[in-house]
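Written below as structure tokens is the structure these notes are about.
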Amino acid sequence: MSKPLVVFDKVQKHFGNFVAVKELDFEIREGEFLAIMGPSGCGKTTTLRMLAGLEAPSVGEIRLNDHVMNDVAPHERDTPLVWQSLALFPFLTARENVEFGLKMRGVDKAERRKRALKWLDKMDILEFADRDISTLSGGQKQRVALARSLVMEPQILLLDEPLSALDAHLVIRMQAVLTDLQRELGITFVYVTHSQSEAFAMADRVIIMGKGEIAQIGSPKDIYREPANQFVAEFVGRNNILSGKVASLSDDTARIATPSGDFTVPTKEVHLVKGQKASFVISADLLHISIDEPDARNKAHCKLISEEFVGSMVTLFLENSTGHEFKVQMQERELSKFDLKSGAEIWLSWDTASAHVLNEN
Amino acid sequence: MNPSRSLNVILGIYVAMVFAFVFAPIVFSMIFSFNSQRFPTIPLGEFTTEWYAKILADPDVWEAALNSLIVSCSTAVIATFLGFCTAYSDFRYNFRFKGPYLALILLPPTIPLIIMALAMLAWFSKIGMSGQIYSIIIAHSVLTAPFAMAVIRLRLNQMDPDLESAAWNLGGSEWQTMRYVIIPFCKPAIFSALFLTAAVSFDEFAVSWFVSGLNKTLPVIILEIVQGNIDPQVNAIGTFVFLISMTLVVLAQVFFASRQLKSIKT
């Protein structure tokens, strides 16, 4: 495990009476691709701005390479940021934009030009070097913004929802560009986003934030399969959440009584007491469907409400007799075997091991 | 002819009349400046440049022209600088009493000129600064700085606030950011403000007349000539002042419009 590059030590940020960040305690490792994800207003951008020195923590310490950064002015830090608005200088050409940081640092003209052109070339936009920013397309501007930050050859690159303004197909392309760059340069990327697909596609680790606090830190897979609590489970989306009371306990499973029926869950990683409230999730892609009642310990009888296609994947939205919504994700070609119509009655079932019990909080 | 067409014609006539009302006196003044008759009557006399030759030969007019030039150039620079500073303080900072602060800055043009002029005269005499060229410059700077501020503030409002942070983030100090980001961004507005304030100062009469003492500007000398007798020289000077002012205002508009077009394009 690599050593921590950045440490957030009990950091809080208040704006007057408003608490933007309640308490942050985490590390950013050298060379990792870390995504900070959460709904808008969760404090993720404030966190990033504190790292860049654009906001000062109200309480706590931020350390970079073991130096306390709280009082270091933004222009004395080496933490370039790629802005959501891109914030390119409209009165400069692409090349002059890339040169800007070097000029501020007093690098001489010839050297500046050489390095700027090198990065424009690396980002495949060398031919636009002398064009005005306003004449470039969204994707090209994006690349100029990246080049402008990377030309500083920083240890850490901050990205604040940089792809939110791009078309869907460009987002996928830029994701590939970013992951390749990060691997090639070996520098740390801190990527703030509200998009789960962006975070999960690129990041080594993901921090889920909600209401100014960290809800969970982990690999994309951990967060998807084993959300720490209800907030994460709901935020991650394609999850089915069931709540009820513990009816009975055995060695490593428990039976939970919910309004939708009794279900068995694994209890290896949690401690449950009989009678207590408990919630668990099953990822939408781990549910099986069948027309006839299956011979399984966990099953639910549902009615098909609607379908949603995303390429080859399809999400079914179903409802049982108590009105609880279930989501099932499967391959389109799998689904076509069933020939389902809206309103069709089908059975859902899942393996006990697919369920994950949430920590109550 | 359908109703909207006739309405257009009526509106067209109305606009033409407004323009005629505004510009007729100036046009007549220009015409009479080339008229050989001493009194402005119709039919016109012969074409002549006599009145222009006369004012060119008059050292008082030359001195006034020079004064006007010094005053309007200095005023333009000072007022634009002040206007830029106040516009930037509005853009950058949030503080208590910001509303009253801005209202105070924008106040001078709302004060009746004659009151403003009297107050300036009283104050300058009290502190022993009246009757100098710089008295006019100070008074005009106060009067025109709000125009400069308004123009530059409009431009700053078009700026992505992240631009400034981005410059800091890339290692620019506050001063470097001012020099390489804020000022270049505001450049069209700064030029526009320079020309606009110069124009306002160049043909301002009331304040100049009160505080100028012996250092007369062109509008003041026009009044003096008119007071003495009816002299077509006035038409000649008037034409000259009008052309200078219009040129400055048009230049201000050109810079103003070019940046509007540019911002529409992006």
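Couple of notes before you dig in:
- The angle separating the long axis of helix A:109-122 from the principal Cα axis of greatest extent in chain A is about 30 degrees.
- Stretchable slack from A:D78 to A:D351, in nm (0.36 nm times residue separation minus alpha-carbon distance): 93.3 nm
- Residues of type lysines that A:K341 reaches as a straight line, Cα spacing below 19 Å, ignoring anything fewer than 8 places off in the same chain: A:K303, A:K327
- The protection proxy used here, the mean number of other Cβ atoms lying within 10 Å of each residue, ranks peptides A:219-230, A:173-184 as follows, highest first: A:219-230, A:173-184.
- Crossing angle, helix B:183-202 versus chain B [Cα axis fit, 0-90 degrees, rounded to tens]: 30
- Which listed pairs, of A:K211/A:K274; A:K10/A:K221; A:K103/B:K187, have C-alpha distances above 24 Å, in listed order: A:K211/A:K274; A:K10/A:K221
- At R0 = 51 Å, FRET efficiency that the Cβ-Cβ distance of B:L223 and B:K98 yields, to 0.05: 0.80
- Between A:L249 and A:N359, the simple spin-label model (points 7 angstrom out along Cα→Cβ) gives 1.9 nm.
- Against the main long axis of the alpha-carbon atoms of chain A, helix A:168-185 sits at an angle near 70°.
- For chain A, calculated [θ]222 nm from helices alone, where every DSSP H run of n ≥ 4 adds -39500 (n - 2.57): -7500 deg cm²/dmol
- Rounded to the nearest Hz, the phi-derived 3J(HN,Hα) couplings of segment B:57-63 under the Karplus curve 6.51 cos²θ - 1.76 cosθ + 1.60 (θ = phi - 60°) are 8, 8, x, 4, 5, 4, 5, where x marks glycine and proline.
- Modelled spin labels at A:S40 and A:N65, positioned 7 Å past Cα toward Cβ, are 3.7 nm from each other.
- Each residue, A:K277 and B:L154, gets one label point 7 Å from its Cα in the Cβ direction; the gap between the two is 5.9 nm.
- GluC sites (Glu not before Pro) within segment A:230-329, DSSP loop, no more than 10 other Cβ atoms inside 10 Å: A:E269
- Centre separation in Å (Cα based) which lies between segment A:211-258 and segment B:118-197: 59
- Highest to lowest packing among A:21-27, B:37-43, B:51-57, scored as the average C-beta count within 10 Å: A:21-27, B:51-57, B:37-43
Every number here is computed from the coordinates shown, using simple stated rules; none is lab data. Just so it is clear, the model here is predicted, and its values are computed rather than measured. Neighbour counts are summed over all protein chains in view; Cβ atoms, including those assigned to glycine, are modelled from backbone coordinates with ideal geometry.
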